[in-house]
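Below is one structure, written out as structure tokens; the observations come after it.
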Amino acid sequence: MRADQGGRADRILDAAKDLLLRWGYRRVTIDEIAKRAEVGKGTIYLHWRTREQLFFAVGAREAVAMIDAVVAAMRADPGEIALHRYMRRFFVEAMSRPVLRALFTRDVEMLDKFLSSPARKPLQGAKLLASREYLGVLAGHGLLRPDLRPADLDYSLPTIVFGFFGVEPLLPAELDLGLEEKAGHLADTLRRTFEPERLPDCGPASARVIEVFEQLSRDFRDAAYGGTDGS
């Protein structure tokens, strides 16, 4: 994508994100987005074929920013590749970004029918949470319990993690925990559940794990800007 097209796409995505956060998915129209972005309505359809794909692109761009923050942390400290530390950062980064927070907490008021749209499916589940490839690297370097295969986490890992995202409405009002505290509880749960008692050095596995997440970032970037639905 040429620089001018990229800048125009970002302007459209910025407008769509702003209106989504202000009004919610149901009320936002392509006409309003075009007006806010100061482009013609047809220009938007040069980038994304449908309204749903445009809003998928908004989420995909947020995912890129989150993954890039995760990768930066892993580069600074190889220990960040460990499952409990990665998921701690994932949780904090996702909950700190309103669009991703709405997706992971299934905010019906903001996202309405987009939650059931086929266009958003690539943003859910293991593709963003923890790929088999990532878990395979951990297993190969002794960073998962020796009795676990990556496939063993297909159900249990997302159940635990998305439980932390979704439990908020069910908590008693007097339980007032900050985001970092919640993330700490998540990390402690994963540390005790999936990792060996003594974690080996994460350094030897870090380069490959970073490659996996960099590829994931490229995939979401292509989905956001490539005019595809991310499938």
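Observations on the structure shown:
- Projecting label points 7 angstrom from Cα along Cα→Cβ for ARG132 and LEU46 puts them 4.1 nm apart.
- Equivalent ellipsoid semi-axes, the chain, via Cα gyration tensor eigenvalues times 5, rooted, Å: 33, 21, 14
- Net charge dipole, the chain: roughly 700 debye, given to the nearest 20, about the Cα centre with Cβ charges of +1 for Lys and Arg and -1 for Asp and Glu.
- Apolar share of the accessible surface for the chain: 51 percent from carbon plus sulfur atoms, 1.4 Å probe.
- Summed over the residues of the chain and divided among them, the accessible surface reaches 50 Å² per residue at a probe radius of 1.4 Å.
- Label point at TYR155 placed 7 Å out along Cα→Cβ; residues across the stretch 163-206 whose backbone nitrogen lies under 12 Å: none
- Packing around the peptides 165-178, 40-53, 89-102, taken as the average count of other Cβ atoms within 10 Å per residue, puts them in this order, highest first: 89-102, 40-53, 165-178.
- Among ALA130, PRO146, ALA82 the positive-end extreme of the charge dipole of the chain (Cβ point charges): ALA130
- Note on ARG145 and ASP68: their simple-model spin labels are 3.8 nm apart, each label 7 Å out from Cα toward Cβ.
The values are calculated or read from the model by the stated rules, or taken from the named source; none is laboratory data. Note that the coordinates shown come from a computational prediction; the quantities given were computed from them, not determined experimentally. Ideal geometry is used to build each Cβ from the backbone, glycine not excepted, and the neighbour counts take in all protein chains shown. The area values use the complete protein model at the heavy-atom level, side chains included, leaving out ligands, DNA and RNA. Shrake-Rupley method; radii C 1.70, N 1.55, O 1.52, S 1.80 Å.
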